[in-house]
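A short worksheet on the structure shown next.
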Amino acid sequence: MGDLVFSYSIWRKQGVWSLLRHLRLVLLRRLHHALWDCRYDAFEAEPTSTLLDRKHLKPNNSDNLSLAREYTPSPRLAVGWILDGLKEDLSGFSFVDFGSGRGRVLLAAAERPFRKIRGIEFSQRLHQEATRNIAEYPDEKLLCKDLKSICVDAEEFELPDQDCVFYFYNPFDASLLEKVITNALDTAQARGNRILLVYYNPVHQAVVSRQNRLRAIPLPLSVRIKMKLFSPYPACVYGNIHLQDTA
Ligand SMILES: C[S@@+](CC[C@H](N)C(=O)[O-])C[C@H]1O[C@@H](n2cnc3c(N)ncnc32)[C@H](O)[C@@H]1O
């Protein structure tokens, strides 16, 4: 009933195209859960598919709640398409999910041979649930065993001194996104590390594209087609360049 009322209000306020876009999104999210993500329900001590509204996040030591987005999980298939589409030897990279919630993306990433995987989550409750999900996940499914959720604000997190894949599923507002990305680029530049930045549902894409130390990396055509047709949201991938390299 709630969905119907929401759809009606979109149609009244924004017109028929917005309504169709909204219905496509709802349909794709439900299909991903019904056809794929539900297969993992049995392995999850704390179900990752349940949404958590911002007012329940109750972050630990953070003034950034007003900039946060609610907890909502990425579809695993889309995460897999993107990571496999990076066409890199992932064993040379660490993986960091900024705003990692109950750990679904961490566990999807751990099915690939990353050096280490870190989830940054400022909600104590979600962090504890992610820790339980990680502890109880079947070991034989994990190619990367160095896997942790850390309860900290994304602004405070100390980055691994390694080449990294950073994953953002639209976790917070543009101002904080800009701070976090600028800090990550400064750190990587000072240490000479590579960064591949994946931005899923890139609502604040302008923040990323105006960074002159990042260049867009196109995903392979087959991945772009799958994402366009079957992913609820698009994704962008960027890689860092050191300015002195291009001078
Ligand atoms: C859209 S959810 C994404 C969850 C997970 N990455 C996924 O894709 O399944 C965004 C998450 O970012 C977290 N978050 C928001 N602001 C944060 C901040 N400043 N520091 C750390 N985590 C934050 C929220 O608590 C929420 O769990």
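Bear in mind these aren't lab numbers, they're just calculated from the coordinates by the rules spelled out. Just so it is clear, the structure is predicted and the values come from calculations on it, not from any experiment. Neighbour counts are summed over all protein chains in view; Cβ atoms, including those assigned to glycine, are modelled from backbone coordinates with ideal geometry.
Less than 5 angstrom separates the built amide H of residue 86 from none of the residues sequence-distant by 5 or more or on a different chain. From least to most packed, judged by other beta carbons within 10 angstrom and beginning with the fewest, 187, 131, 48 follow the order 187, 131, 48.
Phi angles of the range 102-112 translate, via the Karplus equation with coefficients 6.51, -1.76, 1.60 and θ = phi - 60°, into HN-Hα couplings of 8, x, 4, 5, 4, 6, 5, 5, 5, 7, 10 Hz per residue; Gly and Pro are given as x.
Note on the chain: lysine pairs with Cα distance below 22 Å, sequence gap of 8 or more or different chains, count 10.
Site pair residue 88 and residue 31 shows an inter-label distance of 3.0 nm when each label is modelled 7 Å from Cα along Cα→Cβ. Computed per residue of the chain from DSSP H runs no shorter than four, each worth -39500 (n - 2.57), the mean residue ellipticity at 222 nm is -12000 deg cm²/dmol. Here the chain is assigned +1 on the Cβ of each Lys and Arg and -1 on the Cβ of each Asp and Glu. Its dipole about the Cα centre then comes out at about 960 debye. Work out, in µm²/s and without decimals, the Stokes-Einstein translational diffusion coefficient of the chain at 25 °C, 0.890 mPa s, Rh from Kirkwood over C-alpha pairs. So the translational diffusion coefficient is about 131 µm²/s. What the phi angles of the range 196-209 give under the Karplus curve with 6.51, -1.76 and 1.60, with θ = phi - 60°, is a coupling list of 10, 10, 9, 10, 9, 6, x, 5, 10, 4, 4, 4, 7, 5 Hz, glycine and proline written as x. In the chain the longest region clear of trypsin sites (Lys or Arg not before Pro) that are loop-assigned by DSSP and have at most 15 other C-beta atoms within 10 Å covers 1-68. Based on the Kirkwood approach, the hydrodynamic radius assigned to the range 1-132 is 16.7 Å, with every pair of different Cα atoms included.
Amide H contacts for residue 147 (H built 1.01 Å from N in the peptide plane; partners 5 or more residues away or on another chain; cut-off under 5 Å): 117.
Screening the chain for whole DSSP H helices with an alpha carbon extent of at least 27 angstrom along the helix axis and a mean Kyte-Doolittle hydropathy of at least -1.0 yields 16-35. Placing unit charges on each Cβ (+1 for Lys and Arg, -1 for Asp and Glu) gives the chain a dipole about its Cα centre, and among 225, 47, 211 the Cα reaching farthest toward its positive end belongs to 225. Sorted largest first, the principal axis extents computed over the alpha-carbon atoms of the range 88-151 equal 33, 23, 14 Å.
Cβ crowding within 10 Å, taken as a proxy for footprinting-reagent exposure, orders 36, 81, 17 from fewest neighbours to most as 17, 36, 81.
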